[in-house]
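Since the structure comes first, as structure tokens, the remarks are kept for the end.
Each reported figure results from applying straightforward, stated rules to the coordinates on display, with no laboratory input. Keep in mind it's a predicted model, so treat the numbers as computed, not measured. Counting neighbours? That spans all protein chains shown, and the Cβs are built from the backbone with ideal geometry, glycine included.
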Amino acid sequence: MERPLTENIRSDGQPVGIEEYEKLGGYQATRKALGGMSPQEITAAVKNADLRGRGGAGFPTGIKWSFIPMGDAARHPKYLVCNADEMEPGTFKDRLLLEGNPHQLIEGMIVSGYALEADLAYIFLRAEYTLAAKRLGQAIAEAYAKGYLGRRILGSDYSLDLRLHLSAGRYICGEETALLNALEGKRAIPRAKPPHPQTSGLWGKPTIVNNVETLSNVPHIVDRGAEWFKSLSHTDCGGTKIYGVSGRVKRPGLWELPMGTPAREIIDLHAGGMRNGYGFRGVIPGGASTEFLLEEHLDVRMDFDSLPKAGSRLGTGTMIVLDDKTCPVGMVLSLETFFARESCGWCTPCREGLRWVVQIIDAIEKGEGAGEDLDILEGQCRLLAPGHTFCALAPGAVEPLQSALKYFREDFERHIKEKGCPWR
């Protein structure tokens, strides 16, 4: 089984340095791209590989790139931004790549920047990732010293500068236009679209924003081809996926596996199944803003097209397992408290609605709930659904709630009937 993203990450916890990275074949894709490929050929390869965004939305990367103006008529400077904010609860996959093999991301940004004719690139990193920041800073300096960044890279006509930006950190920065506002030094709130960032992004210029895992795939596609990349997957969506599992399993962690690996295989085989003394009740499959799945759903393939048929989303592909000794009401309260706190406050449904949701669930958890509270929560799930808010924060926030009301309703009812949490 090939694992292009993680096969070179060292077991001793140290990062791959530039000399080791080059010996392992690193920067060969840069030489290939700048030595004879056109930007259009690289975009076509990414499109043919069916690389879909690994940040959660799953939008086809090559199609996204095709929206950016190219050639003499394009406005400059053009920007490439890597979203390394990674604040989705339960998600820690990008951290592995940033800390373990930073040159892989840097090369992905060089090749992608060339494909987009970008002049300047940014890595937008959450400030809490201090080790990643240190290692990225060192790797960027090494890349400049070797001529992979800066003026006339490797003697070509292409130049690219890369800067590391430490974010003050807000969950809303996972939304690409809020990230761009934060990068400009403004309040991190989403922008109205259109215009889209591809035509009017950072400082009003054409901009592409991609996730760490997404960009890290690009050198491998350029180096080994679209058909090879597609062959790694169990589905029509190309490549591998870094899946994660947290919760009361025997081996919580991360694994790079073929896209479309079934959830049951990831939990039982790679994560070792449930810890002794704990049973499985449910799982949030793609980070905190996705809907619960039950035992009956575990044979579903973990990909962008299969999970919606089971009632959830792939999201970041990092699972949070609910065991039979953890209160689902308390778990949902913790998640909704996070989302309410992280609302940017720009639109009323999200700013006020999520706080109301938290107040109601908190009252239920304390034994102060009433029967009609469940109807109110279901109503809030409908009112905060897609199309009712300025961005996707609130719709994502209520996904675990609406599925918990569906699958664990008796737990909510017990809290109300017994006037307290049965797990305490």
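Remarks
- Local electrostatic count, SER11, Cβ distance below 14 Å [Lys/Arg +1, Asp/Glu -1]: -2
- Label zone (ARG341, point 7 Å along Cα-to-C-beta; backbone nitrogen cut-off 18 Å) within the stretch 162-177: 168-174.
- Mean Cβ count within 10 Å, highest first, over the residues of peptides 207-214, 46-53, 268-275: 207-214, 46-53, 268-275
- Dividing the helix sum by the residues of the chain, where each DSSP H run of 4 or more adds -39500 (n - 2.57), gives a mean residue ellipticity at 222 nm of -12000 deg cm²/dmol.
- Relative contact order of the chain, defined on C-alpha pairs under 8 angstrom at six or more residues apart (%): 15 percent
- Look at GLU176, GLU296 and count the other Cβ atoms within 10 Å of each Cβ; fewest to most, that gives GLU296, GLU176.
- Evaluated over the stretch 279-424, the Cα radius of gyration and Dmax, each in Å: 14.7, 41
- Volume of the Cα convex hull of the chain, divided per residue and given in Å³: 132 Å³
- At full extension, LYS146 and SER66 could sit 25.8 nm farther apart than now, given 0.36 nm per residue minus the alpha carbon distance.
- Packing-based ranking of 283-290, 56-63 yields 283-290, 56-63, ordered from highest to lowest mean Cβ neighbour count within 10 Å.
- The stretch 18-231 - percent relative contact order, Cα under 8 Å, separation 6 or more: 31 percent
- Compactness of the stretch 36-105, expressed as Rg and Dmax over alpha-carbon positions, Å: 14.7, 44
- Here the chain carries DSSP beta bridges of which approximately 40% are antiparallel, counting only pairs with both residues inside.
- By other beta-carbon atoms within 10 Å, ranking PHE304, PHE390 with the fewest at the front produces PHE390, PHE304.
- Using a simple spin-label model with pseudo-atoms 7 Å out from Cα toward Cβ, SER159 and THR130 lie 3.7 nm apart.
- The modelled label-to-label distance for the pair ILE376/GLU418, using points 7 Å beyond Cα in the direction of Cβ, is 2.3 nm.
- Taking other Cβ atoms within 10 Å as a rough exposure proxy, LYS309, LYS417 sort from fewest to most as LYS309, LYS417.
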